[in-house]
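Everything below concerns the one structure shown next.
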Amino acid sequence: MAVGMSTPRETHAAVVRAESADEADDTAESPEPAAIGPAIDPDDLPDGLVVADGTGRIICFNAAAARITAMPRAAALGRSLEHVLPLEDLKGRRWWALTDPYGGLATRVGQPERNLLLPGGREVLVSARYVREHPTGPVRRVVVSLRGTEARRRNERSHAELIATVAHELRSPLTSVKGFTATLLAKWERFTDDQKRLMLETVDADAGRVTRLIAELLDISRIDSGRLELRRQPVDLSLAVERHVQALTATGQNPDRFLVRTCQPLPAVWADPDKVDQVLGNLLENAVRHGEGTVTIEVAPAPAKSDEKGTAVTVSDEGPGIPEESMGRVFTRFWRGSKRGGTGLGLYIVKGIVEAHGGTITVGRGPGGGAEFRFILPVSTPAYLV
């Protein structure tokens, strides 16, 4: 192939067409039709693509590869693969000397993805494929894929933060449970009945805190993996709101602090009642704990996605509200609006539950100046009832 006779983009396209032809040759006996459509421009690929010919000279170097390696395409084409990508493993060993794609075992087909280092210590995810004339023939091309590590690092940081948060939140209640139970077992006869009751109530409250945290972790796992199960049935959101307000007043909240407005008639929403209770409980608890003044809950019909009917629930308070610069982070993990406790996972779970129902949730500033959360659940009537 006369590399110098083609422009970079033409070279890229020719390489991709050649790779497609190789795959077509490998599957010539397959009844499946050949790939259709125009050749793919390597610059359209999201990952870095580097292709070297049978002599180790680079014949394809796409835009993503140039960005990841900080090397211009013109400086890479025609040069040795080892010089353009002087990769080292995390122990400082030269990767190409270890893998030896052109002179190694004739049965190898490539290298799995792994973390390697570019000059300057920049990490990059690298995988390689060896293209041969036949299964044990000489290597005709080496195709290298490059990816940045930013997304993986973000995931790792998120997991580390989650582990740290869980460890912190579990330590306090478990220490309390262990301390009180050990004390009661060792000195049971020395305490009065009232003292025993107080200790056991504390143990029960801390055990409930641990149970709630574990439930939150399970919900996060299901939301992140798309496996959040919904058991839909008809749900009256106005009755659900009233039930939560009654529960809050029963625990000592002033009934005058809550104002419920319902606009009838409401469409019959099909949703998971337990998940809806979780959403309402979280939003009302946030309004009571972090907000001030009257907590207003409005329930009204509203259009959902794709013009489907639905019901909107708005929860607002008269507190200081959420700063404008924090609005975009409210539904992310570990966001805390104040220093009054909490894991910072509740609103992340709320958003996941609402979206699993096909609904939407937004945050803004309410009429009284405080925070305002509004979520809409579509009717989602089962097909067999339509």
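The values are calculated or read from the model by the stated rules, or taken from the named source; none is laboratory data. Small disclaimer: the values here were computed from a predicted structure and weren't measured. Backbone-built Cβ (ideal geometry, glycine too); neighbour counts: all protein chains shown. When the accessible area is computed, the model is the full protein with side chains, heavy atoms only, and any ligands, DNA or RNA have been set aside. Shrake-Rupley method; radii C 1.70, N 1.55, O 1.52, S 1.80 Å.
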Helix axis angle, 150-187 relative to the chain longest principal axis, alpha carbon, degrees: 40 degrees
Under the 7 Å Cα-to-Cβ spin-label approximation, LEU200 and LEU105 lie apart by a distance in nanometres of 6.6 nm
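Taking 0.36 nm per residue of sequence separation and subtracting the Cα-Cα distance, how much length would be gained by fully extending the chain between ALA182 and ARG129, in nm to one decimal?
Gain in length upon complete extension: 13.0 nm.
Quick check for you: with a 1.4 Å probe and neighbouring chains kept, what is the accessible area per residue of the chain, in Å²?
Values: 22010 Å² over 386 residues.
Spelled out: the 1.4 Å probe surface of the chain, per residue, equals 57 Å².
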In terms of the charge dipole of the stretch 196-337, which places +1 on Lys and Arg and -1 on Asp and Glu at the beta carbon, the residue among VAL276, VAL313, VAL288 farthest towards the positive end is VAL276
When the chain is treated as a GNM, springs tying every alpha-carbon pair under 10 Å, which of GLN278, GLN253, GLN195 comes out with the largest mean-square fluctuation? GLN195
What is the percent carbon and sulfur in the accessible area of the chain, measuring with a 1.4 Å probe over the protein chains and ignoring ligands? 54 percent
Quick check for me: using +1 on Lys/Arg Cβ and -1 on Asp/Glu Cβ, what's the dipole size of the chain about its Cα centre, in debye to the nearest 20? 1100 debye
Any aspartates and glutamates whose Cα falls less than 19 Å from that of LYS196, other than same-chain ones fewer than 8 residues away, would be ASP204, ASP206
Check each of the GluC sites (Glu not before Pro) in the stretch 139-230 and keep only those in coil by DSSP with at most 14 other C-beta atoms within 10 angstrom; list them in order. GLU229
Between ALA371 and residues 5 or more places away or on another chain, which pairs have amide H atoms under 5 Å apart, with H built 1.01 Å from N, and which residues are they? ASP317, GLY319, GLY321, ILE322, GLY366
Taking the Cα centre of the stretch 112-171 as the origin, how large is its charge dipole in debye, to the nearest 20, when only Lys and Arg (+1) and Asp and Glu (-1) carry charge on their Cβ atoms? 280 debye
Based on the Cβ-Cβ distance of ALA268 and SER326, what FRET efficiency does E = 1/(1 + (r/R0)^6) give at R0 = 45 Å, to the nearest 0.05? 0.80
Which value, in debye to the nearest 20, describes the size of the charge dipole of the stretch 242-329 about its Cα centre when Lys and Arg Cβ atoms bear +1, Asp and Glu Cβ atoms bear -1, and nothing else is charged? 160 debye
Rounded to whole Hz, the Karplus (6.51, -1.76, 1.60) HN-Hα couplings of the stretch 280-290, x for glycine and proline: 4, x, 5, 5, 5, 5, 4, 5, 6, 6, 9
Relative contact order, percent, of the chain when contacts are C-alpha pairs under 8 Å separated by at least 6 residues? 10 percent
Of VAL260, ILE297, VAL330, whose Cα points farthest to the positive end of the dipole of the chain (charges on the beta-carbon: +1 Lys, Arg; -1 Asp, Glu; origin at the Cα centre)? VAL330
Expressed as a whole number of Å, what is the distance separating the alpha-carbon centroids of the stretch 222-288 and the stretch 142-194? 29 Å
What's the longest bit of the chain with no exposed trypsin sites (Lys or Arg not before Pro), using DSSP loop states and at most 12 other Cβ atoms within 10 Å as the test? 94-226
Reachable aspartates and glutamates from LYS91, criterion Cα separation under 15 angstrom, eight or more residues apart if same chain: GLU123
